[in-house]
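The values are calculated or read from the model by the stated rules, or taken from the named source; none is laboratory data. Note that the structure is predicted; figures quoted are calculated from it, not measured. Ideal geometry is used to build each Cβ from the backbone, glycine not excepted, and the neighbour counts take in all protein chains shown.
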Amino acid sequence: MILPRFIRKILAVFRGSVSPFFIVLSVALGFWFGFVPGWSGFHTAIVLLVLVVNIHTGLFLLSAVVGKSLCLAAAPVLFHIGVAVQNYLAPLLNLLASIPLIGITDFNRYSIAAAIVVGPVIGLVAGLLLARAVISFRRMLLKFEEGSEQFKKWYSNRWVRILDRLLIGRRTKDAKALFTAKTRIVRKAGAAVAALVLVVSAIATTLVKDSTIKDYATKTMTRANGAEVNVESLDLSVLTGAVSVSGIQVTNSEKPRNNQVSIEKITTDASVYNLLTGKLVMDNVEVSNVKFNQKRDTPGKVVEARSEGKPSVFDPCDFKVEAADLSKLEGYFKNARAVKEWLQKLSKWLPKGKEKAVTGPEEIPQKYLDYLDARAVVPPSPRVLAKRIKLDNVQIPSQLFGSSSVLLKNISDSPQAARLPVTLEIKSHDTGAFVNITFDYASEGKRPRVSGTFDGFDLSKIQSNLSRDSALVFEKGTASGRFEGTVTNEAVDLAINVGISDMKAKAQGNEVFGMSSKTTSEALGVLENLSTTIRVVGPANELRLAFDVKALQDDLKKALVKAGKERLAEEIDKQIGERLDKKLGDKVPSEIKDALKKPKKLIEGLGGLLRKKDGKEQE
């Protein structure tokens, strides 16, 4: 019987012209290919290498099958080795992730991380053993042919060679050629096929990749939002880097029938190099038609929140402030409950207070094959990064901003790993209000510092959202200033330096800043400009305000003293003027009389005459 073609190719290795080096390389790549679970960019890179380099296809396929069998048989072992690789060889995985095409591989899966390290070792050992066996066989065959004239005469018969070719396959003309034949490194036909494979892969990727990336994006945003996030379509061109996303809906976790925000379309150009490493890095992102609190066609699913233990308890000692100087932020707003709910939603998007180290899988495997899919808790590097996102004509539901432009910088799915400053900038087209917030993630091992500036805040518009019982009532004024501190999902500690100009305000209630409301109102009545520092402290959902009461009292007292002096001077001028009119009448020229009616200016003028040129008073 004629042997199958595949088996004949394997047997031809022993008698053919395949060099030991390519035998080792073929087996090593085959084992490595099969040992890594699934299909990834790593597998594509090896296939291209097999096509271009003169790898023995039969040995490669046989080794890949054996490697895949070992992968399935050793799934729990790969899992435990992968945990060690993630903990101790993370720099190696990061290096591989930066290589185009190979970087598309999900190195966060423990089985892949282990196979990447263990696969070539097993393949190299198997390849060396096979190469040694082939060399031994060829030496034995050479010795047999050179030492037996009868064998040479028998093999010289035509029918023997034909039968040998049919049953086993090609071989070299003589045994010496097994050691002297040269093998080409590059296959010209294989290079052409590799180019064709790249073109076909690009087309196939264009058809398949969008759903994969869309699934990853929706899962990541849903997990962060705590409720369903939908993406209608996602188009990405690997060749040009053009990205287009439309129909984004972010469900409100408190009201699943409504969206927190909906976006009609996002367009951008992505880096082709980063796409080949499995990352989506966008330089400029244009966002259109942003809407808030819109009705959904169907209610969105809410993700079950993970238990994070008891909520944080406010302790003024943690922030080095006096408890007597603190008041709840909620007490200043009309709808305190709405403010608290808004703060709770906002806390989900704030930086984490304490970064947890990766010590185990995201989920403990329950089934045998789950060991191959288990992943690390935190990815080693961000997969999505938008360097600049611009949103025009955003209708912010606030009288302070209204129609605004929003600029975001360095937005990613893992800002701690990206270590780039995240910036939010809002500028109102209606009121001129402006705010800039920066989260600094560049400092390693520390909580990100928050800093920023604000300007053009109309206090009369802010007053419309404040409670009727608030201690201060602003009729007009413009606030500006800067702030700095720390903001995490656990606690907030911000120092805000506020400057208010053209202010008109009054106080109400029993006591304001340690003074009666009447006294405070009198001081505010004459105080047009005010500078102070406000501390915002506490858990993210239970914020409190701490004022610099002493500095405020000093400013208010100075304003009262100044106002009192001015009123006293006005009263003296009035009294003197009335008496001069009665006593002197028309006996004194009007110029002298007008000067006498203003004793304050007269005294200041006389004071100037009583001074020497060097500024010292005369004796």
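In the stretch 494-535, of all residues being exposed (fewer than 15 other Cβ atoms within 10 Å of the Cβ) and of a type in the set (D, E), the one that is nearest to A433 (Cα to Cα) corresponds to D502. Would it be correct to say that I396 is farther than 30 Å from L524 by Cα and at pLDDT 85 or above? No; evaluated as a whole, the condition is false for this residue.
Within the stretch 374-395, can one find any residue that is under 30 Å from L72 (Cβ atoms), β-branched (V, I, T) and outside any strand (DSSP E or B)? Scanning the stretch 374-395, I find at least one residue that is under 30 Å from L72 (Cβ atoms), β-branched (V, I, T) and outside any strand (DSSP E or B), so the answer is yes. Within the stretch 35-49, if we keep just the residues that are part of a helix (DSSP H, G or I) and in contact (Cβ under 8 Å) with a residue 40 or more places away in the chain, the residue that is nearest to A115 (Cα to Cα) turns out to be F35. Among the residues of the stretch 359-388, which ones are within 18 Å of the chain's Cα centre (by Cα) and modelled with pLDDT under 75? Passing the criteria: V377, V378, P379, P380, S381.
Return the residue satisfying two criteria in turn: it lies in the stretch 225-275 and is of a type in the set (A, V, I, L, M) and touching a helix residue (DSSP H, G or I) at 6+ places or on another chain (Cβ under 7 Å), and of such residues it is surrounded by the most Cβ atoms within 10 Å (Cβ to Cβ). Only one residue fits best here, namely V229. Pairing each residue of the stretch 94-106 that is without any contact (Cβ under 8 Å) to a residue 60 or more places away in the chain with any residue that is assigned to a loop (DSSP other than H, G, I, E, B), provided the two are 6+ apart or on different chains, yields C-beta distances under 9 Å for L96/T105; L96/F107. Do we have V281 as part of a strand (DSSP E or B), within 30 Å of V231 (Cα to Cα) and either in contact with a strand residue (DSSP E or B) (Cβ under 9 Å, 6 or more places away or on another chain) or modelled with pLDDT of 70 or more (or both) here? It is true that V281 is part of a strand (DSSP E or B), within 30 Å of V231 (Cα to Cα) and either in contact with a strand residue (DSSP E or B) (Cβ under 9 Å, 6 or more places away or on another chain) or modelled with pLDDT of 70 or more (or both). As a summary of the residue check, V287 satisfies the conditions (1) crowded, with 18+ Cβ neighbours inside 10 Å; (2) at pLDDT below 85 except for the one numbered (2).
Filtered by the rule that a residue be polar (S, T, N, Q) and assigned to a loop (DSSP other than H, G, I, E, B), the stretch 74-101 gives a lone residue, S98.
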